Amino acid sequence: MNLAAALALDETKVTPGLLGFIVFAALGVATWFLVKSMNKQFKRVDFVEEPEAPKE
């Protein structure tokens, strides 16, 4: 078996690798920060619903 055949890329075993993991982890961290910020904004909302007027 020659060296080129041994090092040939097997298309059935291709994985996303380190770059795919880094991108996926960055998306997870960004989502966590967005949810944290959204919860902080929801806590600032001061909403009191007015009672409905009686129907005539």
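Charges at C-beta only: +1 for Lys and Arg, -1 for Asp and Glu. How large is the resulting dipole of the chain about its Cα centre, in Debye rounded to 20?
360 debye
Report, in deg cm²/dmol and to the nearest 500, the calculated mean residue ellipticity at 222 nm for the chain, where each DSSP H run with n ≥ 4 adds -39500 (n - 2.57) and the sum is divided by the residue count.
-19000 deg cm²/dmol
Across segment 40-46, coupling constants 3J(HN,Hα) worked out from phi with the 6.51/-1.76/1.60 Karplus curve, θ = phi - 60°, read 5, 5, 5, 5, 6, 5, 10 Hz, and Gly and Pro carry x.
Given the choices [x] 16.4; [y] 11.2; [z] 17.2, Kirkwood radius over Cα pairs in Å derived from the coordinates of this structure is entry [z].
Computed 3J(HN,Hα) for segment 12-17, one whole-Hz value per residue from the Karplus formula 6.51 cos²θ - 1.76 cosθ + 1.60 where θ = phi - 60°, is 7, 10, 6, 10, x, x, glycine and proline marked x.
Dipole of the chain computed with +1 at Lys/Arg Cβ and -1 at Asp/Glu Cβ about the Cα centre; of Val35, Phe24, Ala4, farthest Cα towards the positive end is Ala4.
Label positions at Asp46 and Phe21, each projected 7 Å from the Cα along the C-beta direction, are separated by 4.9 nm.
Out of the chain, which trypsin sites (Lys or Arg not before Pro) are coil in DSSP terms and have no more than 15 other C-beta atoms within 10 Å?
Numbers: sites: Lys13, Lys36, Lys40, Lys43, Arg44, Lys55; in loops: Lys55.
For trypsin sites (Lys or Arg not before Pro) across the chain that sit outside H, G, I, E and B with at most 15 neighbouring Cβ atoms in 10 Å, the list reads Lys55.
Every number here is computed from the coordinates shown, using simple stated rules; none is lab data. All figures in this text were calculated on a predicted structure; none of them were measured in a lab. Because the Cβ atoms are built from the backbone with ideal geometry, glycine has one as well, and the counts that use them run over all protein chains shown.
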